[in-house]
Amino acid sequence: MKIHTKAVHAGDRKPAQTQIPVSTPVHFAASWICADQAEQDRIFAAEEKGFAYSRYANPTNQALEEQITALENGFGSLACASGMVALQHALTAALIDRPKRVLCARDIYGATIKLLMDVLGPFGVETTFVDTNDLPAVAAKLTAEKYGVLLMETISNPLLRVGDIPALAQLCRANGAALMVDNTFASPLLVRPLELGAHIVVHSSTKYLGGHGDTMGGLIVSDEEHFETIRRLSRIAGPILGPMECFLTMRGIKTFPLRMERQCRNAQGFAAWLRNQPGVERVFYPDDPQHPDATTIARLMPDGLYGGMVSFELKNAAKPEVFAFLDRLQMVVKATSLGDVHTMVLHPWIASHRDVPPKQKERMGLRENLVRFSVGIEALEDIIADVQQALA
Ligand SMILES: Cc1ncc(COP(=O)(O)O)c(C=O)c1O
């Protein structure tokens with residue numbers, strides 16, 4: 001063989017090893033060689049499990065999908081390139097044979113609102129917003145008109161409202177809508193929405209599941225009813241995550257329960273400290289007995305595990321004072337995202353909820369003086385020391 005031929009063929013395409021590696025390798029292959037054409041024909045037809053083309057299935061993706069299916073107690077999962085594309089794909093699958101109408105929680109991530117209005121809206125998907133913490137209001141909407149999907153977050157971004165998933169699931173099931181829950185803030189350590197009656201769960205695995213701020217990703221976990229459609233449409237639309245990102249996410253998930261436990265403990269301690277600071281107007285954290293959803297929280301969340309997110313309002317502060325406070329922080333990472341090992345802070349008014357219309361911000365209760373902390377795994381006293389000097 002000439003050098004050009006050897007360069008392309010040597011070393012590659014060895015038969016599978018009999019020894020099993022302790023972690024799933026990153027399979028950087030776009031396509032797979034089948035035993036014969038008949039096998040490839042069966043795999044293309046999805047009559048037989050196996051690998052033909054990585055848009056359909058890849059062993060690294062499959063390992064991550066099995067992992068998150070187990071954690072959320074679902075039927076099956078799909079690993080997607082980002083949380084947003086996971087939401088888009090899940091909505092497409094749920095709406096395919098339902099009315100193209102979404103009932104969306106009023107309190108929700110800004111880009112999710114934009115996805116509904118700017119991406120799906122022009123294709124005929126109508127969106128109505130509702131306060132999902134007002135069950136009679138949700139019931140009135142679901143019975144007055146046919147909706148395809150009710151979309152909500154387990155713990156809302158950024159005001160940390162907690163909806164009654166079992167009651168909302170019952171309402172959806174009685175009215176033919178699918179309940180889709182973005183479980184990014186809660187994670188399956190705190191709440192597993194499929195066990196509570198939801199049909200589809202979506203994660204931005206960029207956050208707590210990945211946990212290290214080094215990889216984007218989105219995960220859809222569903223019940224049996226929706227899984228075939230999610231998978232079938234994915235084979236065509238190809239929203240899939242790359243194998244390297246699947247590997248990193250899977251590695252992140254191995255330690256996620258440990259990180260999350262620590263983040264919950266730190267966040268609870270941080271919120272308790274904030275409540276006694278003269279420069280702080282209001283603290284938002286789900287352990288608060290005065291929290292508007294306290295009874296739902298007591299039913300849905302395990303004792304002491306209320307999440308790693310803490311939001312608070314600075315006293316007598318408009319944008320310039322908030323900017324000055326944030327600029328004084330030294331250790332806390334000032335960047336968009338959350339759920340990482342390090343503590344992070346974001347100003348929702350100019351970042352995650354920048355494009356949310358002012359009226360909707362007002363209805364949510366989102367004000368210019370609110371900052372949102374994602375509490376990390378550092379020593380709590382170091383987090384407090386940094387925030388204390390910035391508040392002074
Ligand atoms: C609750 C929630 N859902 C979805 C997303 C989107 O995820 P991604 O940035 O991975 O696309 C985010 C991002 O911040 C989020 O906070």
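The values are calculated or read from the model by the stated rules, or taken from the named source; none is laboratory data. These figures come from a predicted structure and were not determined experimentally. In this analysis, Cβ positions are derived from the backbone assuming ideal geometry, glycine residues included, and neighbour counts consider all displayed protein chains.
Observations
- Identity of the residue in the stretch 334-366, within 12 Å of the ligand (Cβ to nearest atom), under 18 Å from ILE155 (Cα atoms) and among the hydrophobic types (A, V, I, L, M, F, W, C), that ends up nearest to the chain's Cα centre (by Cα): LEU338
- The lone exception for PRO243 - which of (1) closer than 30 Å to CYS264 by Cβ; (2) out of contact with any strand residue (DSSP E or B) (no Cβ under 9 Å at 6 or more places or on another chain) it fails: (1)
- The listed residue being within 17 Å of THR69 (Cβ to Cβ), more than 16 Å from the ligand (Cβ to nearest atom) and surrounded by 22 or more Cβ atoms within 10 Å (Cβ to Cβ), out of LEU209, LEU219, LEU194: LEU194
- Within the stretch 62-74, the residues that satisfy the criterion of being part of a helix (DSSP H, G or I) and either more than 16 Å from the ligand (Cβ to nearest atom) or acidic (Asp, Glu) (or both) are GLN62, ALA63, GLU65, GLU66, GLN67, THR69, ALA70, LEU71, GLU72.
- Qualifying residue in the stretch 148-161 (condition: buried (at least 23 other Cβ atoms within 10 Å of the Cβ) and basic (Lys, Arg)): yes
- Among the candidates THR24, THR60, residue that is β-branched (Val, Ile, Thr) and under 15 Å from ILE240 (Cα atoms): THR60
- Members of the stretch 223-266 found to be among the acidic types (Asp, Glu) and closer than 24 Å to VAL375 by Cβ, listed by number: GLU261
- Whenever a residue of the stretch 57-70 is more than 16 Å from ARG192 (Cβ to Cβ), its partners that are part of a helix (DSSP H, G or I) and of a type in the set (Val, Ile, Thr), lying with C-beta atoms within less than 8 angstrom and at least six residues away or across chains, give the pairs LEU64/THR249; LEU64/ILE253.
- The number of residues in the stretch 170-209 being of a type in the set (D, E, K, R) and under 15 Å from the mean Cα position of the chain (by Cα) comes to 3.
- Residues (of a type in the set (S, T, N, Q) and assigned to a strand (DSSP E or B)) located in the stretch 191-221: SER204
- Residue ranges of helices (runs of 4 or more DSSP H) in the stretch 280-392 with at least 2 members modelled with pLDDT of 95 or more, over 30 Å from ASP118 (Cβ atoms) and of a type in the set (D, E, K, R): 319-328, 380-391
- Residue in the stretch 222-229 that is within 15 Å of the ligand (Cβ to nearest atom), out of contact with any Pro (no Cβ under 8 Å at 6 or more places or on another chain) and outside any helix (DSSP H, G or I) present: no
- Residue match in the stretch 225-246 (condition: under 23 Å from ALA105 (Cβ atoms), touching a Leu at 6+ places or on another chain (Cβ under 9 Å), in contact (Cβ under 8 Å) with a residue 24 or more places away in the chain and β-branched (Val, Ile, Thr)): yes
- Residues satisfying the stated conditions in the stretch 50-73, i.e. touching a Ser or Thr at 6+ places or on another chain (Cβ under 6 Å) and either β-branched (Val, Ile, Thr) or surrounded by 20 or more Cβ atoms within 10 Å (Cβ to Cβ) (or both): THR60, LEU64, GLU65, ILE68, THR69
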